[in-house]
Amino acid sequence: TNDNNWWKKSVVYQIYPRSFMDANGDGIGDLNGIIEKLDYLASLGIDVIWLSPIYDSPNDDNGYDIRDYYSIMKEFGTMAEFDRLLEEAHSRGLKIIMDLVVNHTSDEHEWFKQSRSSKDNPYRDYYIWKPAVSGKAPNNWGSIFSGPAWEYDETTDEYYLHLFSKKQPDLNWENKHLRQDIYKMMRFWLNKGIDGFRMDVINFISKAPGLPDGPTHGGLYGDGSSFFMNGPKIHEYLKEMNEEALAGYNVLTVGEMPGASPEDAILYTDPVNKELNMIFTFEHMDLDSGAGGKWDVKPLHLPDLKANLAKWQTSLNERGWNSLYWNNHDQPRVVSRFGNDTQYRTLSAKMLATCLHMMKGTPYIYQGEEIGMTNVQFSSIQQYKDVETLNMYHEKAVLGVEKETILNSIYIKGRDNARTPMQWDNREHAGFTTGTPWIDVNSRYPDINVQNTLAEDSSIFTHYQQLISLRKTLEIVTNGTFKLLLSDHPSIFAYERIDKSEQLLVLCNFSEEPQQIEDDYVMAAIQKGKLLISNYSSQTKQTLQPYESSVYYHI
Ligand code: TEU
Ligand code: CA
C-alpha cells in the first residue's frame, strides 16, 4: 500500500521461530514450519509478522548473537526457504519485518575474530576494547545477564565490553566503517523485499564517553544504564541510519528501548525527526519489579499500570506513535501475570486483549497469546534453557540464595515462560514436533492448544479476530484521543477514546470479584452506548462481572 502510515493501522504477530513449528522433526522450529502456518496467521487477521532473529548464530542467546547477518541459521533452514516464506507471506497480504540486532554480534562473528586477533587489525575498533585499570576491568558495570560486563582476552591483554552474555560483544558505533557495514546489510535485506525491522536494544548503541562507573546500589557490580541508554549520539546515528539505509523504503521500524521515557519516545518517533516509526517501552513491564530489578518480584498495583499506560497514550498523542504489547519472547505470559490462568483463563485473556487493542497505537500479538497460553513451572533447573535465567540462577546459588526462592522468581518472570513450544493440538509435544523438542512443552497443552481453541464457539482466538476487525472498520480506534477514567479505582481499568463526535468507552475488570460502577459519567456513557464487543454474552449495566471487558460506542 502506498499509504505511508500503513503501520498505524496494522496488527503485528511476533514469531519466535525456534518454538513456533518444527517441520523436519529435529525438535527445533523452522522456516518451513512457519510457511505451514501462514493460513492460520492470515485467518487471525494480522497484517505483519515480526520474526525473531533467523540469521546464522551459535544460539548462546537463541539467535540474538548473530554470527553472519547474510545467512540463515542452519537449524531454521536456507536462504531459498526464507525467500519462499517471504513470497508465501506476501501472496497472502502478510508483511514480514526482521529483527535487527546491531548493538552486538556473536563472538564467533568474523568481525570479532579479526578484532580480537591483534590491536592493529582493521576490525579492532569494530568493538569496545579497553586495558585493565589497576589490574581490574575498565569499569564496574555488570552484565544484564549477570556477572561483569567486561571479558578479559589474553591474546591482546585487554577487556571487551558485553552488556549481555560474554558471547555477545558490543559493537562500537563510534566507528563509521562499522556503521556503513550495518547500513549495507540492512539494504541487502530491504532489497529482498522485507517490510521493516524491529531493532534490538537500539537505544544502547551510543555509549557515554569514558564509560564511567555506575552506582552499585550495594551490589557486586555498577549499573551503567545511564551511560549506555539513550546516549549522546543516539539521534545522530538513527538519523544517519534512516537516511542511508531506510530512506526510500515504505517500511515499519520499531525500536526496542529499555529505559526510554515518553519524552525520549517523542524524539525517536515524531515523524519530523525522521528516526523510527515507534518504540517498545519497558515501563509498564517493570511495574511488578522491586528495587532489585526484574527478579525482585512484587505484585502489580493496577492504578500504577493505568497511570503508566495513560501517560504513554497522552504523551505521544499527535507527536509520535505507540506500540502496544503485553507479551514478547522476553516477558512472562500476560494471562498468568496480569490475569488469572486457572478459573478465569479465557475471560481474563479476552479482557486483557480488549484493554490493549482498544488503545491508540500498533498492537503486537506474541505467538500463543491468541489462545491464552500460560506460564510454565519446570520442576528442575535443567529444563530451563534461557541464558539470562541460567546465569542468574548460578550467580544467586553461589551467593547462597535458596534454590526454591530462585526457582519461584523464574516461574514468575523467566523468559522461558514465553519460549515453550507453540501448542497446536493434543498430540505428543502439542503437535509442535515429531521429534524431541529443544525445550519441554508446557504440560497444559492437552487443554490449551490451537485445535481446541478453534473448536470453541467464542474463543480467545475469535475475540482477537473481532478486536482486529474493529480496528480495521472503526477509524476512532486508530485516530481517537485517549482519556483515562476512574483513575483511582483499584480493579477497574476504564478509558475512553474520542474522535470528533464519536466516543468509545472501554471497561475492563482486572479482578475476580464483581465491581460496581458508581460514576455518573461512565453510567451515562453505558446507557447511551451500543455494545461493540464483550467477553460476556450479557451485561448488567451497573456491575462489571469477574474479568468482564465491555466496549460501548456512541455518537
Ligand atoms: O532484550 C533487551 C533486554 O534488555 C532484555 O534483556 C530484557 O530487558 C530482559 O531480558 C527482560 O527479562 C533484547 C532481546 O529482546 C532479548 O531477547 C536479548 O536477549 C537481548 O536484547 C540481547 O540481544
Ligand atoms: Ca526443525
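The values are calculated or read from the model by the stated rules, or taken from the named source; none is laboratory data. Please read these numbers as outputs of a predicted model, since none were measured by experiment. Glycine gets a Cβ as well: all are built from the backbone with ideal geometry, and neighbour counts include every protein chain shown. Heavy atoms of the whole protein, side chains included, go into the accessibility calculation; ligands, DNA and RNA do not. Shrake-Rupley method; radii C 1.70, N 1.55, O 1.52, S 1.80 Å.
Quick notes on this structure:
- Neighbours by Cβ (under 7 Å, 6+ apart or cross-chain): first from the range 133-150, under 21 Å from Lys385 (Cα atoms); second among the charged types (D, E, K, R) and open to solvent by less than 30 Å² (accessible area, probe 1.4 Å): Phe145/Glu388
- The listed residue being within 16 Å of ligand 2 (Cβ to nearest atom) and not in a helix (DSSP H, G or I), out of Phe145, Phe76: Phe76
- From the list Val441, Val401, the lone residue that is assigned to a loop (DSSP other than H, G, I, E, B) and free of Cβ contacts under 8 Å to residues at least 12 places away in the same chain is Val401.
- Among the residues of the range 55-72, the ones that are within 16 Å of ligand 2 (Cβ to nearest atom) and within 28 Å of Trp7 (Cα to Cα) come to 3 in all.
- Scanning the range 209-232 for residues that are open to solvent by 20 Å² or more (accessible area, probe 1.4 Å), modelled with pLDDT of 95 or more and either touching a strand residue (DSSP E or B) at 6+ places or on another chain (Cβ under 6 Å) or at negative phi (or both) returns Pro209, Pro212, Asp213, Pro215, Thr216, Tyr221, Asp223, Ser225, Ser226, Phe227, Met229, Pro232.
- Asp519 vs. criteria farther than 24 Å from Ala310 by Cβ and either over 27 Å from the mean Cα position of the chain (by Cα) or modelled with pLDDT of 95 or more (or both): no
- Only listed residue being modelled with pLDDT of 95 or more, under 28 Å from Lys113 (Cβ atoms) and open to solvent by less than 10 Å² (accessible area, probe 1.4 Å), chosen from Ala265, Ala245: Ala245
- Condition met for Ala525 (out of contact with any His (no Cβ under 9 Å at 6 or more places or on another chain) and on the phi < 0 side of the Ramachandran plot): no
- Some residue of the range 50-68 being farther than 20 Å from Asp107 by Cα, at pLDDT 95 or above and not small (Gly, Ala, Ser): yes
- Put simply, of Glu236, Glu151, Glu174 the only residue that is among the charged types (D, E, K, R), over 30 Å from Ile266 (Cβ atoms) and open to solvent by 10 Å² or more (accessible area, probe 1.4 Å) is Glu151.
- Residues within the range 44-60 that are within 16 Å of ligand 1 (Cβ to nearest atom) and either open to solvent by 10 Å² or more (accessible area, probe 1.4 Å) or not in a loop (DSSP other than H, G, I, E, B) (or both), tallied: 7
- Residue, modelled with the lowest pLDDT, within the range 132-142, restricted to residues that are assigned to a loop (DSSP other than H, G, I, E, B) and open to solvent by less than 70 Å² (accessible area, probe 1.4 Å): Gly135
- Hey, Lys9 surrounded by fewer than 23 Cβ atoms within 10 Å (Cβ to Cβ) and away from ligand 2 (no atom under 16 Å from the Cβ) or not: yes
- Strands (runs of 3 or more DSSP E) (entirely within the range 271-367) containing at least 1 residues that are open to solvent by 10 Å² or more (accessible area, probe 1.4 Å) and among the small types (Gly, Ala, Ser): 293-297
- From the list Ile66, Ile96, the one residue that fits, being away from ligand 1 (no atom under 14 Å from the Cβ) and either within 24 Å of Asn328 (Cβ to Cβ) or of a type in the set (Phe, Trp, Tyr) (or both), is Ile96.
- Selection within the range 462-510 - among the small types (Gly, Ala, Ser) and in contact (Cβ under 8 Å) with a residue 40 or more places away in the chain: Ser469, Gly480, Ser487, Ser491, Ser501
- Selection of first residues in the range 198-210 that are more than 16 Å from ligand 2 (Cβ to nearest atom) and of second residues that are of a type in the set (D, E, K, R) and assigned to a loop (DSSP other than H, G, I, E, B), restricted to Cβ pairs under 6 Å at least 6 apart or on distinct chains, gives the following pairs, ordered by first then second residue: Ser206/Lys233.
- Which listed residue is within 14 Å of ligand 2 (Cβ to nearest atom), surrounded by fewer than 22 Cβ atoms within 10 Å (Cβ to Cβ) and in a helix (DSSP H, G or I), from Asn32, Asn24: Asn32
- When residues of the range 24-43 are limited to those that are within 18 Å of Leu454 (Cβ to Cβ) and over 22 Å from the mean Cα position of the chain (by Cα), the one nearest to ligand 1 (Cβ to nearest atom): Glu36
- Unique residue being closer than 30 Å to Pro363 by Cβ and either open to solvent by 20 Å² or more (accessible area, probe 1.4 Å) or not in a strand (DSSP E or B) (or both) when the list is Ser206, Ser165: Ser206
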